[in-house]
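Here is the structure we will look at, set down as structure tokens.
The values are calculated or read from the model by the stated rules, or taken from the named source; none is laboratory data. All of these numbers come straight from a predicted model, not from anything done at the bench. Here the Cβ is made from the backbone with ideal geometry for all residues, glycine too, and neighbour counts use every protein chain on show. The area values use the complete protein model at the heavy-atom level, side chains included, leaving out ligands, DNA and RNA. Shrake-Rupley method; radii C 1.70, N 1.55, O 1.52, S 1.80 Å.
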Amino acid sequence: MDKTFDHKSIEKKIADRWNKLEAFKFNPKSNNPPYTIILPPPNITGSLHLGHSLCYTIQDILIRYKRMKGFNVLWQLGLDHAGIVTQLLVEKELAGRGVDRHDIGREKFIEAVWNWKERSGGTILNQMQRLGVSGDFSRVCFTMDEQRQVAVRKAFVKLYNDGLIYRAKRLVNWDSKLKSAISDLEIVNKEVNGSMWYIKYPLVDDDPGGENSITIATTRPETMLADVAVAVHPSDARYKGLVGKLLRLPLTDKIIPIIADNYIDQEKGSGALKVTPAHDFNDFEIGRRHDLEAINILAPDGRMSDNVAAEYRGLTQEQARVLIIERLTNMGLVEKEEKIKHFVPYADRSGARVEPYLTDQWFLDAPKLATEALRAVEDGEIRFVPKNWENTYFDWMRNIKPWCISRQIWWGHQIPARYGPDGEIFVADCDEEAQTLAKKHYGHNVELKRDEDVLDTWFSSGLWTFTTLGWPNETTEFKKHHPTDALVTGFDIIFFWVARMIMLTTHICKRIPFKDVYIHAIVRDEKGQKMSKSKGNVLDPLDLIDEFGVDSLRFSIAALCAPSRNINMGKERMAGYRNFITKLWNATRFILMNGCRYDNHFDISAVKLSANKWIIANVINLISNVESAIENYRFDEAAKSIYQSLWGTFCDWYLEFIKPILSGKCQENISETKSTAGWAIAQFIKVLHPISPFITEELAEALGLTGNNSSLSTSSWPCYKLPKDFDRLQGEVDWICQAITAVRSLRSDFNVQPSAELKIIISENDCKKHSLDEYATFIYRLAKASILYESPEDDIASVPIIVEGCVIRVIMDKSIDINKEKARLQAEMEKLKIDSLSIKTRLSNPDFLAKAAETVIFDHKKRLSNMESRVDRINELLNV
RNA sequence: GGAUGCUUAGCUCAGCGGUAGAGCACUACCUUCACACGGUAGGGGUCACAGGUUCGAGUCCUGUAGCAUCCACCA
């Protein structure tokens, strides 16, 4: 074995072995208790980024752990068709060849998308395998594959028949670039510079150009062409008596009323609001209350439509705005213009400015579905981990609005609705069924027209837990593995996905989709900045794997996975955990070099030597700590306790303890110690396996823990009971460790050469109390100090130290002049005292305090306390 | 404007009633026969600020400040 672990030579080999053994194949016939996770399906457009690595590693840890625990694990993998994103990408690709999708038509375009899927869909799956994802890749589903299409249609029809899906003419968020409705979650608000114009609307009864008018304020004067009223607050003194009067809308000369509505905020603008129902969500509501007409002046591409005077038609809104302001200014109707900053909605995907737009769309009655979805979480049937995300969920769910599920794009599940000649709607799974419905309605066969829209991507994602398990068929998977056990995802898609899955699944299946929702943090760079290509701080997981190895990456992820909002991932930190992986490698190498192997028949209760009992107790304790950490989704604790035990206890102490034995100094214990060491390292390898599967698989084989045709992945999780008196040794060995440390400290303080041998005297009582006979060689090995059982002559210089009430006298090597060293320490102490005195003087000087900045004072205080603690230490050493 | 977090060692973060912790970085010494991606010993902390509860508060409560994120906001 090499001195350092060469991950590159091993990862591929191990992955191939897992493949060959079909280690992760799901067995539907197994009678073991089920454990199920549905993987959040990545988009077919993507490649693996660090966020994926995090999400998948966590799931893989759970899956591998549960598999070892004897569960029949089902980790359902899949891919998402990602409607809008994919369509935009394929359009872009076509545009590169000078092709517009409208030229080739819908059918050819969809063909092109499937083509794309074939090419890029597999990329991320391959990358997942590189990460060590231990799912059954033969079961990968796709949100648009045949089975899912059937299920999605079925679900839609059911929701429609249950009155939860309806078609309506409503204002929706309109992406004018995409020419499609989008959901309010797909919008980002950006702050932009704009203007607020104050425009006078003259009262009808007055002289043309007269003084009497109402001033309205607006950032979008072009929409005034669609104004149908001006609204004021009923109790606004400024407009008392004007309610009910008529205004002449400038430019169009349309007569519009002044109405009163409680929605109006007297503080904002001029207190009078122009009402434009077709182009503002609030105005739409006002329009409904007052039975006002909604005039749509925008075309689907966001330009001025034919509903306005010819001179404005076809203009962009910006062009129309300039023209209108120019005209109003000439008419003397612009009171003032204020430059302001305000937030304007943009489409997340296409970047287009989002318009409220009046169209016919399909809606899901989310407010109705929310009741049951809220109850499931309120009652604790579904548990969020960490729990505080429940509040986010509750807040959103309690204020939920109907979800517009139709999209005017081509790539997606086409809505299973057909229209009769008179517009009557027939919703059915298939053509035949729709025809039957139509015939029943009309009394004869008619020609039906299929709705062209497709469903929002998140609609099919929302059904994911059960459509992947065979629903609507009562498959074994659906019966046994649903509800699934855990959903692992980021907080950024609680609304998009988690909430919708809960709503849809509780209604359609009458059960919850999952029991636990584990919300992981978002990966950022080491400074806590969001990773983005423009900032150039993106860490590519595949690069990290190349540099540090998968096992290090996975271990880092686990170790950093504390329950907070962010995970700051930097290379320095990763290097530290890579070192840990190397440490494990070398510890195992050492054990193998000394002829230790894992012995299947090793009986821990027959062990005699304290050091061996001690490490066994530590390891058993670790196993249960790791168990409860993983069960509680505390992967950081699992990783850290393995790190701590392996490095801090096993390597730093135990291996040093047993070196004298293994080298043949105590023949009687050699066989037992070899077995114990082999057993202990095997346990470390097992408990680490869910986190770092590759190196552990490799080492397990070397240790003889697994054979040619077996895998650690499918071996069982260690289960040991601590033999009776084992944990009582803890205090005893701790004392030994402390004594050794104390001797080493003293050596360091007195500048004793590391190679110099010390003699220490421990009272007979203490020797018995701490079974020191057994440890004599250990103390020699670790502190180069051997125990004397008889007091030497008084004239030999010694320094006493106290460890937990027991006095240890350390006899110095003859080459060390104790008095000289003591004098040196004394001098150091005096100097520190004098220095600290001068700092104290400074700090008590009002002039200094007045001049010095706070940080300077802080620095002085810090230095002072450092000096004082050093003085205390030296004092202790000299006085005992 | 509403909500939720965060503020602890130089950096990144754990800890959430009982003697201030980890990793990395730092200092000194050590190429000792698993490992220099190592070993040993160290140094480094007004636990944001101000009040309160308690025998006792990074830890609970109230308030303040700064930062972050989400939601709302086109008069």
So residue A:523 passes all but one of these: (1) modelled with pLDDT under 90; (2) of a type in the set (A, V, I, L, M); (3) in a helix (DSSP H, G or I); (4) open to solvent by 10 Å² or more (accessible area, probe 1.4 Å). Which condition number does it fail? (3)
Identify, from the list A:251, A:242, the residue that is more than 16 Å from RNA strand B (Cβ to nearest atom), of a type in the set (A, V, I, L, M, F, W, C) and assigned to a loop (DSSP other than H, G, I, E, B). A:251
In the range A:751-776, what residues are assigned to a helix (DSSP H, G or I), touching a residue at least 24 places away in the same chain (Cβ under 8 Å) and open to solvent by 50 Å² or more (accessible area, probe 1.4 Å)? A:764, A:769, A:774
If you scan the range A:461-501, which residues turn out to be out of contact with any strand residue (DSSP E or B) (no Cβ under 8 Å at 6 or more places or on another chain), in a helix (DSSP H, G or I) and small (Gly, Ala, Ser)? A:462, A:499
Residue A:809 - would you say it is within 14 Å of RNA strand B (Cβ to nearest atom) and charged (D, E, K, R)? no
Where in the range A:112-222 are the strands (runs of 3 or more DSSP E), entirely inside, with at least 2 residues that are touching a Phe, Trp or Tyr at 6+ places or on another chain (Cβ under 7 Å)? A:165-175, A:187-202, A:213-218
When residues of the range A:56-74 are limited to those that are in contact with a strand residue (DSSP E or B) (Cβ under 9 Å, 6 or more places away or on another chain) and open to solvent by 10 Å² or more (accessible area, probe 1.4 Å), the one nearest to residue A:144 (Cα to Cα): A:73
Considering only the range A:210-221, I want to know if a residue exists there that is out of contact with any strand residue (DSSP E or B) (no Cβ under 7 Å at 6 or more places or on another chain), open to solvent by 10 Å² or more (accessible area, probe 1.4 Å) and of a type in the set (Val, Ile, Thr). no
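Condition check ((1) part of a helix (DSSP H, G or I); (2) within 15 Å of RNA strand B (Cβ to nearest atom); (3) modelled with pLDDT of 70 or more) across all residues:
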residue	(1), (2), (3)
A:814	no, no, no
A:822	yes, no, yes
A:828	yes, yes, yes
A:832	yes, yes, yes
A:839	yes, yes, yes
A:868	yes, yes, yes
A:875	yes, yes, yes
Flagged in the range A:1-40 as of a type in the set (Lys, Arg) and under 28 Å from the mean Cα position of the chain (by Cα), in numbering order, are A:8, A:12, A:25
In the range A:691-711, anything crowded, with 23+ Cβ neighbours inside 10 Å, in a helix (DSSP H, G or I) and aliphatic (A, V, I, L, M) is listed as A:695, A:699, A:700
From the list A:182, A:165, pick out the single residue that is crowded, with 17+ Cβ neighbours inside 10 Å, modelled with pLDDT of 90 or more and of a type outside the set (Ser, Thr, Tyr). A:165
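Conditions tested, residue by residue: (1) within 28 Å of the chain's Cα centre (by Cα); (2) within 16 Å of RNA strand B (Cβ to nearest atom); (3) under 30 Å from residue A:220 (Cα atoms).
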| position | (1), (2), (3) |
| --- | --- |
| A:106 | no, no, no |
| A:123 | yes, no, no |
| A:136 | yes, no, no |
| A:188 | yes, yes, yes |
Please count how many residues of the range A:258-282 are open to solvent by less than 30 Å² (accessible area, probe 1.4 Å) and under 18 Å from residue A:360 (Cα atoms). 3
Based on what the data block shows, is residue A:687 under 31 Å from the mean Cα position of the chain (by Cα), under 17 Å from residue A:621 (Cβ atoms) and among the β-branched types (Val, Ile, Thr)? yes
Does the range A:426-446 contain at least one residue that is under 30 Å from residue A:28 (Cα atoms) and crowded, with 23+ Cβ neighbours inside 10 Å? no
Could you list, in sequence order, all residues of the range A:320-347 that are at pLDDT 85 or above, open to solvent by 90 Å² or more (accessible area, probe 1.4 Å) and more than 16 Å from residue A:200 (Cβ to Cβ)? A:322
Taking the condition part of a helix (DSSP H, G or I), within 15 Å of RNA strand B (Cβ to nearest atom) and on the phi < 0 side of the Ramachandran plot, does residue A:639 pass? yes
Using the structure shown, decide if residue A:688 is closer than 30 Å to residue A:802 by Cα, touching a residue at least 60 places away in the same chain (Cβ under 8 Å) and buried (at least 23 other Cβ atoms within 10 Å of the Cβ). no
Only one of A:157, A:172 is in contact with a Pro (Cβ under 7 Å, 6 or more places away or on another chain), β-branched (Val, Ile, Thr) and over 23 Å from residue A:44 (Cα atoms), namely A:157
Among what's in the range A:547-574 and is part of a helix (DSSP H, G or I) and surrounded by fewer than 22 Cβ atoms within 10 Å (Cβ to Cβ), pick the residue that is nearest to RNA strand B (Cβ to nearest atom). A:572
Is there a residue being among the charged types (D, E, K, R), over 30 Å from residue A:668 (Cβ atoms) and within 14 Å of RNA strand B (Cβ to nearest atom) anywhere in the range A:740-758? yes
May I ask you to list the residues in the range A:841-860 that are within 12 Å of RNA strand B (Cβ to nearest atom) and either at pLDDT 70 or above or in contact with a His (Cβ under 6 Å, 6 or more places away or on another chain) (or both)? A:860
From the list A:633, A:598, A:577, which residue is in a loop (DSSP other than H, G, I, E, B) and within 13 Å of RNA strand B (Cβ to nearest atom)? A:633
